[in-house]
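Visitor: Got a structure here, written out as structure tokens. Questions coming.
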Amino acid sequence: MASMWVGHQGTIRDYPGFSASVDAEAIRKAIRGIGTDEKMLISILTERSNAQRQLIVKEYQAAYGKELKDDLKGDLSGHFEHLMVALVTPPAVFDAKQLKKSMKGTGTNEDALIEILTTRTSRQMKEISQAYYTVYKKSLGDDISSETSGDFRKALLTLADGRRDESLKVDEHLAKKDAQVLYNAGENRWGTDEDKFTEILCLRSFPQLKLTFDEYRAISQKDIADSIKGELSGHFEDLLLAIVHCVRNTPAFLAERLHRALKGAGTDEFTLNRIMVSRSEIDLLDIRTEFKKHYGYSLYSAIKSDTSGDYEITLLKICGGDD
């Protein structure tokens, strides 16, 4: 099952010669000693794949009768604690918790909702929805419904359903048809038919949408992103633009999110932790490449100048190198 969370462009891979019991014991010692041995914790948890970390969690529970995440919470603090706990959380559960946090309390963090729901595959979304229900005894759809509204809500619910086509085959005839539908729903009419945008952008595969956007330009002489900006507004517009960006280049979309999280006054650790952990075994190498390409300096150096202490050390290990 773990395979869908693993890509070919991750910075973290399976550790050769892995032993869950050896690691669990070393972690227990690192936590139990006088003063915590953070270096030991960091080196183990950032050099094992998530699948291996889950085996350590099981082993730790079996050997010491305690949840590793609880011991980490009891022993560490701040952003460093959040990051270490994220590393020992199964990916689908981690995303479920991030979604819950995005919708908790006053105000919704729409950016986080958009980022998670546009960058996960249909299969990942199904796992996340299951995890969400298991952890919160509420459906993800119900929470999205009560926290959002209008076309934005409709589109989020469509994405949360995990019904996007995942096939790599493209249908040229369908691309032409969809492009025409989009043109008729927006540029070519008085008022916009938002449902058509949601239907096509939230359900077609990324390769199919790529072709559709090319056909759209041919019909309308405009880029789909410009049409969306001209026709739509608010969070719904943000969501559709995020989909367009991801269709064209998901790592570039995530590099931009990281750049925003790291620049200016104060760091957005919520976003930083989420992207670094959730993409560490999927496409973090590609994200690093895009970051350097777009901003002229490396992700590594951005993290270095913006964070400190054990938190910085851990992020840099996950980052995996300077570009």
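Rule-based calculations on the coordinates, nothing more; no lab input. This is a predicted model, so every value here is computed, not measured. Cβ sites come from the backbone with ideal geometry, for glycine too, and all protein chains shown count toward neighbours.
Visitor: Relative to the longest principal axis of the chain, what angle (0 to 90°, nearest 10) does the C-alpha long axis of helix 309-319 take?
Guide: Compared with the principal axis, the helix lies near 60 degrees.
Visitor: Taking Cα atoms, how many degrees apart are the long axis of helix 172-185 and the longest axis of the chain, rounded to 10 and kept between 0 and 90?
Guide: Roughly 70 degrees between the two axes.
Visitor: Please report, in debye to the nearest 20, how large the charge dipole of the chain is about its Cα centre when each Lys and Arg carries +1 at its beta carbon and each Asp and Glu carries -1 there.
Guide: Magnitude of the dipole: close to 460 debye.
Visitor: For Cα extents along the principal axes in Å, pick the label among (1) 59, 46, 32; (2) 82, 45, 39; (3) 71, 45, 39 that corresponds to the value derived from the coordinates.
Guide: Of the labelled values, this structure produces (3).
Visitor: I need the calculated FRET efficiency for the pair GLU172 and LYS293, taking r as the beta carbon distance and R₀ as 30 Å, to the nearest 0.05.
Guide: E between GLU172 and LYS293, to the nearest 0.05, is 0.45.
Visitor: May I ask you to derive the relative contact order of the chain, considering only C-alpha pairs under 8 Å and at least 6 residues apart, and to give it as an integer percent?
Guide: On the way: 393 pairs, mean separation 65.1, N = 323.
Result for the chain is 20 percent.
Visitor: Follow-up. Quick check: from the Cα gyration tensor, does region 226-323 come out rounded (a/c under 1.5), prolate or oblate?
Guide: prolate
Visitor: Set Lys and Arg Cβ to +1 and Asp and Glu Cβ to -1, take the dipole of the chain about its Cα centre, and tell me which of GLY320, THR46, SER139 lies farthest positive.
Guide: Checked the options; the winner is THR46.
Visitor: In the chain, once you exclude exposed trypsin sites (Lys or Arg not before Pro) (DSSP loop, at most 16 other Cβ within 10 angstrom), what's the longest stretch remaining? Intermediate results must be reported in sequence, preceding the final value.
Guide: Working: sites that count: ARG13, LYS66, LYS104, LYS137, LYS138, ARG163, LYS169, ARG189, LYS222, LYS263.
The reported range is 264-323.
Visitor: If I stretch the segment between GLN61 and LYS100 completely, what's the gain in nm (0.36 nm per residue apart, minus their alpha carbon distance), one decimal?
Guide: Residue separation times 0.36 nm, minus the Cα-Cα distance, leaves 11.5 nm.
Visitor: Is the C-alpha gyration tensor of region 253-304 telling us rounded, prolate or oblate? Criteria: a/c under 1.5 is rounded; beyond that, a/b larger than b/c is prolate, otherwise oblate.
Guide: Note, shape of region 253-304 comes out oblate.
Visitor: Also, quick follow-up: At 222 nm, what helix-only mean residue ellipticity would the chain give, in deg cm²/dmol to the nearest 500, using -39500 (n - 2.57) for each DSSP H run of four or more?
Guide: Using -39500 (n - 2.57) per qualifying helix, the result is -22000 deg cm²/dmol.
Visitor: Given +1 on the Cβ of Lys and Arg, -1 on the Cβ of Asp and Glu, and no further charges, what dipole in debye does region 54-111 carry about its Cα centre, rounded to the nearest 20?
Guide: With Lys and Arg at +1 and Asp and Glu at -1, about 160 debye.
Visitor: Let me ask something else. Charges only on Cβ, +1 for Lys and Arg, -1 for Asp and Glu: so what's the dipole of region 24-81 about the Cα centre, in debye to the nearest 20?
Guide: Magnitude of the dipole: close to 120 debye.
Visitor: Let me ask something else. What's the angle, to the nearest 10 degrees (0 to 90), between helix 234-262's Cα axis and the longest principal axis of the chain?
Guide: That helix lies at roughly 40 degrees to the long axis.
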